[in-house]
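The numbers here are math on the coordinates, done by the rules we state, and not lab data. Remember, it's a predicted structure, so these values are computed and weren't measured experimentally. Counting neighbours? That spans all protein chains shown, and the Cβs are built from the backbone with ideal geometry, glycine included.
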Amino acid sequence: MHMIETEILIIGGGIAGASTAYHLAQYGRHVMLLERDEIASEASGVNAGAIGAIGWGNVPNLESYLTMGSLEIFKSLHVELGYDIEFRRSGALQAIQTEAEYAYTQRRVMELRSQGYTVDLLSTWEAQTIEPELSPALLGCLYMPLRAQADPKKATRAFATAAERSGARILLNHEVTEIHPHGDAAYQVETSREPCRAAILVIAAGAWCGGLGAMLGLRIPIMPVRGQMWASAPLPPRVFHTISAAESSLQWHTAPGNDNQTPPYLTHRGQQRLTRHLYGRQTRAGEIIFGGDRQLAEYDKTPDAAGIEVNHGHAAEVLPLLRELPITRTWAGLMPFPLDGVPIIGKIPQRPNLYVVSGLASSGFGRGPMAGKLLAEYIHTGHRPHVLAEADPARCVTLVE
Ligand SMILES: Cc1cc2nc3c(=O)[nH]c(=O)nc-3n(C[C@H](O)[C@H](O)[C@H](O)COP(=O)(O)OP(=O)(O)OC[C@H]3O[C@@H](n4cnc5c(N)ncnc54)[C@H](O)[C@@H]3O)c2cc1C
């Protein structure tokens, strides 16, 4: 069979892989991306499209680079490069429903503001002036005006198209099945179609990074976590911000819930619910979409009906108009959760010329563009951008004994 040769081979056509391909192609590198299905066929195509950002802060860290950097990239994709990705600087409101949540949010706002971030604590009345459908029963809202939204499929595909226009090759329906060393410093990759050879390999396979690592005798501690959502029928514009609720923030602040086999910030332990979690928005097409549950369910992408009911109820507590709106469809996707809660972006030291960009968990849509840009800079210059120190794979990737 014909052998395809390239300099840099990226495995995975989600937002992390597509952004890495785009930025490497911008540097003029010879890059090819392999995707087993379509671009954005997994988490990057089914997420809520919420882009988290609260500012650079006085001392920008990994999180501020990933969020604010991505915001800039989304903006330029939409406005300067002309891809209609439904980008909108919506801002976000987090609903406060209990006294304990209020006290926690008040402390958090003071702390974040002192660190230079753009957040505010609004009374319910003030919040209703910008989001009229909010329940009067709320105690207030955390306001994050820099947050934004975009359509996940359109945005991820735009990165892939922009990469191709800059010279990258994108091969769809190519599933990587084996990876072998080729000589001292190159790789031969077997796929469901023709084999490929490359000097540099980038694993950007989201919740499937563990399996790809295993092909190289490596343990990459990323676990698939099921996230699920539901949608209403389309309606005229009624919800303007990204909406969330403070319940899970407080719960995870108090007890992140991780151990050496469980990542932090899940809504369930086994079948037992630890907290409700809520995020959603109204899309340009008019559907109101909400989700929240994060459960370990191996590779099962079937939505859990009971969890969807709880989430619908929670959303209706915050936005009472949802009480009367039936659910028209549900779906789920698998998120790449790193065991220690920190993204894994950089060089894997145990093998030559091997890189990974993943572990973006429940906020990889909003952080993926900059994750890809930072990794592209690392590969291109040979120097690790200083902010990636925290995301260094060396801290957690190990050889399989
Ligand atoms: C329901 C839900 C809601 C979410 N909401 C938000 C949100 O509002 N905001 C936000 O920022 N994030 C959100 N997320 C998280 C976000 O979607 C993910 O963090 C992000 O999409 C991960 O991107 P990725 O490129 O790492 O992985 P993926 O998008 O999963 O891409 C990995 C790709 O690798 C491919 N692949 C895997 N194995 C192979 C192989 N062997 N060969 C070839 N290709 C392979 C897969 O087909 C896939 O396309 C949500 C996720 C879900 C599921």
Folded to 0 to 90 degrees: helix 15-26 orientation relative to the chain principal axis, Cα:
50
Trypsin sites (Lys or Arg not before Pro) within the range 61-115: DSSP coil, no more than 16 neighbouring Cβ in 10 Å:
R89
I need W252, W125, W331 ordered by Cβ neighbour count within 10 Å, fewest first.
W125, W331, W252
Net charge, H30 excluded, C-beta distance under 10 Å - Lys, Arg +1, Asp, Glu -1
0
Could you tell me the calculated FRET efficiency between R269 and T98, based on Cβ-Cβ distance and R0 = 22 angstrom, to the nearest 0.05?
0.50
Straight distance only, please: which aspartates and glutamates reach the Cα of K153 with their own Cα at less than 16 Å, same-chain residues fewer than 8 apart left out?
E35, D37, E38, E42, D84, E86, E287
If you take every residue apart from I288 with its C-beta less than 11 Å away from the C-beta of I288, what net charge results, scoring Lys and Arg +1 and Asp and Glu -1?
0
To the nearest 0.05, how large is the calculated FRET efficiency for A185 and R165 if R₀ is 25 Å and r is the Cβ-Cβ distance?
0.25
Which ordering of S44, S76 is given by a fewest-first count of other beta-carbon atoms within 10 Å?
S76, S44
Mean Cβ-within-10 Å packing, highest first, puts peptides 370-383, 140-153 in the order 140-153, 370-383
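With the cut-off at 1.5 for a/c, could you classify the chain from its C-alpha gyration tensor as rounded, prolate or oblate?
Values: a/c = 1.75, a/b = 1.71, b/c = 1.02.
Verdict is prolate for the chain.
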For the pairs K347/K373; K301/K373; K75/K373, flag any whose C-alpha to C-alpha distance is greater than 18 Å.
K301/K373
Rank by packing, highest mean first: peptides 361-367, 8-14, with packing defined as the count of other Cβ atoms within 10 Å averaged across residues.
8-14, 361-367
Estimated distance in nm for a label pair at Y299 and L81, the labels positioned 7 Å out from Cα along Cα-to-Cβ:
3.0
Cα centroid of the range 29-96 to Cα centroid of the range 132-172, whole Å:
5
Could you line up V46, V318, V202, V79 from fewest to most neighbouring Cβ atoms inside 10 Å?
V79, V46, V318, V202
Any idea what angle helix 99-114 forms with the longest principal axis of the chain, computed on alpha-carbon atoms, 0 to 90 degrees, nearest 10?
60
Where does helix 364-381 land angle-wise versus the long Cα axis of the chain, in degrees 0 to 90, nearest 10?
30
Packing-based ranking, highest mean first, of 241-250, 295-304 given that Cβ atoms within 10 Å are counted:
241-250, 295-304
To the nearest 0.05, how large is the calculated FRET efficiency for N61 and Q261 if R₀ is 41 Å and r is the Cβ-Cβ distance?
0.90
About its Cα centre, how strong a charge dipole does the chain have in debye, to the nearest 20, once Lys and Arg get +1 and Asp and Glu get -1 at the Cβ?
400
Using alpha carbons only, how many angstrom separate the centre of the range 264-289 from the centre of the range 202-243?
13
Dipole of the range 160-200 [Lys/Arg +1, Asp/Glu -1 at C-beta], most positive-end residue of T191, A160, T177:
A160
Rounded to the nearest 500, what is the chain's calculated 222 nm mean residue ellipticity when only DSSP H runs of at least 4 contribute -39500 (n - 2.57) each, over all residues?
-8500 deg cm²/dmol
